[in-house]
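The values are calculated or read from the model by the stated rules, or taken from the named source; none is laboratory data. What you are looking at is a predicted structure, and each value in this text was computed from that prediction instead of being measured. Here the Cβ positions follow ideal geometry from the backbone for every residue, glycine too, while neighbour counts run over all protein chains shown. Heavy atoms of the whole protein, side chains included, go into the accessibility calculation; ligands, DNA and RNA do not. Shrake-Rupley method; radii C 1.70, N 1.55, O 1.52, S 1.80 Å.
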Amino acid sequence: MSSSPAPAPTPEPPRLSLPDSEPAWALTRDDVLLQLEHEPTFVIISAGDPTRPFGRVPAFTLYRDGTVLFTRDSEQRRGLFRYSVFEWAARDHIEHVRALGVARMRSYLDECNPAPHRPVCAADASITILRTRLPDGSLHEVRNYNGFAARLAAQLHAVYDRIARLAAPRTGVDLYLPHAATLFVRRIAAPSDLDDAELARARPWPLDADWLSRTAASGAQVIEIPQIRAIIAATGTNTPHNQLFVLGEAFVRVSMVPWLPGHDHRAALDRRDMPR
């Protein structure tokens, strides 16, 4: 009688070198020059809530001092990463975007592209949010469903293209250590529903047992640097998504969302279960 092969052992997360502190922590929202964020309109997720600001992180942010934060989601590297350009380069990028007429761009939330001859419609797409610092210091925000635009579409996509290039550096990239993050935890009601491959990928719960109990009871908690370091060490990323953890006989799904410099979502997290 043949026996089924034993599940593969849980792979070890990559070893990471994190700084003791991040210079970017001193940045504020007023330092943002250019930012791109995706707000989902439909989502099915086990642990998390990307429809809320505390449940997602912008895909790209350029700051006036040249700091760049961007997300990457590939088989090789997943997370929120940081690199730097010169301040004069940051100014050149924002001047280029302004010259494309971003101040004249307006939000467009229709589900169909307004092309006169061949309109294209989308379902359950995300809203693309573009934020640009204008010369008067204000932060201009444009919200476009699926990236559609009623006017200045070519210029808008030229901005997207520049951001895509800036979010694909070849060297000098480090995993960002956030000052705080949202930790989402959901208990697995019936671990017997998990197959052997999933069970083999479960990692030991890296925090105190109290953290698991509190966060599973509330669904989400704010965590700070010591807990963030432990999650990163256990998963190899600062944006684990539906990672399976085990503590004793309890299995949980876990996601972590880092906060950008100058952001504090505590009040929004406290209000999330209040009647609207």
Q) If contacts are Cα pairs under 8 angstrom and at least 6 residues apart, what is the relative contact order of the chain in percent? A) 24 percent
Q | Helical mean residue ellipticity (222 nm; -39500 (n - 2.57) per DSSP H run of 4+; nearest 500) of the chain | A | -6500 deg cm²/dmol
Q: With +1 on each Lys and Arg Cβ and -1 on each Asp and Glu Cβ, and nothing else charged, work out how big the dipole of segment 127-264 is about its Cα centre, in Debye to the nearest 20.
A: 560 debye
Q. Hey, any idea what Rg/Rh is for segment 109-187, computing Rh the Kirkwood way over Cα pairs?
A. 1.08
Q. Hey, what D do you get for the chain in µm²/s if you plug the Kirkwood alpha-carbon radius into Stokes-Einstein at 4 °C and 1.567 mPa s?
A. 63 µm²/s
Q: Could you rank the peptides 169-177, 231-239 by their average count of other C-beta atoms within 10 Å per residue, with the highest value first?
A: 231-239, 169-177
(Q) I'd like to compare 77-85, 55-63: which one has the highest average count of other Cβ atoms within 10 Å, and what's the full order after that? (A) 55-63, 77-85
**Q.** Cα-based convex hull volume of segment 146-276 per residue, rounded to whole Å³
**A.** 199 Å³
Q.
Taking the Cα centroid of segment 83-104 and of segment 14-80, what is the distance between the two, rounded to the nearest whole Å?
A. 19 Å
Q. Given a 1.4 Å probe and every protein chain left where it sits, what share in percent of the accessible area of the chain is carbon and sulfur?
A. 51 percent
Q. For segment 44-125, what is the convex hull volume of the alpha-carbon atoms per residue, in Å³?
A. 180 Å³
Q | Mean accessible surface per residue for segment 158-276, computed with a 1.4 Å probe while every protein chain stays in place, in Å² | A | 48 Å²
Q) To one decimal place, what Kirkwood hydrodynamic radius in Å is obtained for segment 180-225 from all pairs of distinct Cα atoms? A) 12.0 Å
